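Every number in this text was worked out from the coordinates using simple rules, so none of it is lab data. Here the structure is a predicted model, which means the values were calculated and not measured.
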Amino acid sequence: MKKAIFTLMAVIIAVTAQAQQFQNGTTTANLGIGLGTALGGLGKARPAISISVDHGMWDIGGPGVISLGGYVGNTGYKYTDLGYTAKWNYTIVGVRGAYHYNGFTNVPKLDFYGGIMLGYNIVKYSSDSDNSLANSYGSGLGFTGFLGGRWFFTEHIGAYAELGYGVSVLNAGVTYKF
């Protein structure tokens, strides 16, 4: 009898663990603050903020799901010296895809993932002087990679961290699972 109860409990835990991980049809939204950046760096920076969404699209068998989603992030800098002021504003808008590894069945609250993003960096530059540098800052299209993880405190709310190129090198914040 004890063996049957133990087996039943193990099956319930395994099913529950799998049900809580990122699956086909799962949608998550992240709101984060960034640390560190590769976008400029002169002067005083304002905090980088980002929003991203991932939706589980394909269960590829085995321990993984592929998601598609979007990303928007913004940061900026202001440089002042001897009466001269220059400002940079960076906004990145992107489409991203990720592979969510669900092989950690003994850690059901963890969503570990990695992916790529095709993004467009919108750069705005202004200064209070008339110089030719204002035309040398351009917007552009680019690919980037990222690695991330989410830890869910409840069924729907958790924390996340992502490492990769966006408006910042490291983004961390809150995540919500639909």
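For segment 62-178, please report how many Lys pairs fall under 24 Å Cα to Cα, leaving out neighbours fewer than 8 apart on the same chain. Provide the component values of the computation, followed by the final result.
Values: Lys78/Lys87; Lys78/Lys124; Lys87/Lys124; Lys109/Lys177.
Qualifying lysine pairs in segment 62-178: 4.
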request  = Using only alpha carbons, build the gyration tensor for segment 48-133 and give me the equivalent ellipsoid semi-axes, biggest first, whole Å.
outcome  = 41, 13, 8
